[in-house]
1. What whole-number value in cubic angstrom gives the convex hull volume per residue for the C-alpha atoms of segment 146-195?
2. Roughly how many Å² is the accessible area per residue of segment 62-105, as a whole number, for a 1.4 Å probe?
3. At most 14 other Cβ atoms within 10 Å and a DSSP loop assignment: could you name the GluC sites (Glu not before Pro) in segment 88-195 that fit?
4. Determine the distance separating the Cα centre of segment 60-117 from the Cα centre of segment 129-150; give it in Å without decimals.
5. If you roll a 1.4 Å probe over segment 106-195 with all protein chains in place, what percent of the accessible area is carbon or sulfur?
6. Taking H as built 1.01 Å from N, whose amide H comes closer than 5 Å to the amide H of VAL123, not counting residues under 5 places away?
7. Cβ neighbours within 10 Å, averaged per peptide: list 93-99, 129-135, 68-74 in order, most packed at the top.
8. Could you derive backbone 3J(HN,Hα) for segment 48-64 from the dihedral phi with the Karplus parameters 6.51, -1.76 and 1.60 (θ = phi - 60°), listing whole Hz in sequence and x where the residue is Gly or Pro?
Amino acid sequence: MVFACSLLSISEQSRAGAQIEEPMIDSVRTALSSAVANQAPPVPEFKDTESRLAYLRWLGNMSDRLRKKKPEWQIRQEFLQTVWYESKRAGLDVTLVMGLIQVESNFRKFAVSNVGARGYMQVMPFWTRVIGDSDPGKLFHMQTNLRFGCVILRHYLDRERGDLFLGLGRYNGSRGKAPYPSAVMGASKNWELSA
C-alpha cells in the first residue's frame, strides 16, 4: 500500500507527454511514417497453439485487473488486444506499455495533458505533422494513439541504445530525471503476468 501511494505521488508529479520535437533525418522520418501508416488491424497471429494459449491467459488476467477502469468487456477486450498487438508490433514489452499508459493517462482515451498531449499514451500533436497525416484529432482514436505511442517509444529506446531509463525520459521530455521512468517501471509491475 505504501508503494502504491508513493507511486501515485510520483505519477502526479510527472508531466505527461512532454515529448520534444527534434529534427530528424529523412530516413528516420520515413521509417517512422511507414510504421504508423500501416493500417493493419490489430488481430493477433500466433506461431503455435502454446503462444495462442499464453495470449489468452494474459488477456483473461489483464481483463480482470483492468475491470475497474474499463467495466465493459468488449471495450476492455478490444483495448487489451490492441495494446498487445501494437506492443509486439513495435518490439516492446507489453507490461512496459501498460505501465506507461497507466502513468500517462490512467487508461483514459480522451486524456489531454497541460502541454496538449493526447490520448492513452499522451502523444504530442506535432507527431501527426512529422510522421502522420497532420490530423491531431486522430490521436483520440485508440489504435492510432497506441500505434503512435508504441512507435515513438521504440524510436526513443533505439535512439538511447536500449537504455530504458533514458528512453522513457525522452518519451516524457524529462531525459535524465528519475521520477517519470521510475513511475513507469513501477506501474509496469502491476501488469506482470503471475505464474
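1. Convex hull volume per residue, Cα atoms: 88 Å³.
2. Heavy-atom accessible area per residue stands at 44 Å².
3. Taking segment 88-195 and a limit of 14 other Cβ atoms within 10 Å, the loop GluC sites (Glu not before Pro) found are GLU192.
4. 15
5. 51
6. ARG118
7. 93-99, 129-135, 68-74
8. 7, 5, 4, 5, 5, 5, 4, 4, 5, 5, 4, 4, x, 5, 5, 4, 4
The values are calculated or read from the model by the stated rules, or taken from the named source; none is laboratory data. Note that the coordinates shown come from a computational prediction; the quantities given were computed from them, not determined experimentally. Counting neighbours? That spans all protein chains shown, and the Cβs are built from the backbone with ideal geometry, glycine included. For the accessible areas, the whole protein counts, side chains as well, though only heavy atoms, and no ligand, DNA or RNA atoms are used. Shrake-Rupley method; radii C 1.70, N 1.55, O 1.52, S 1.80 Å.
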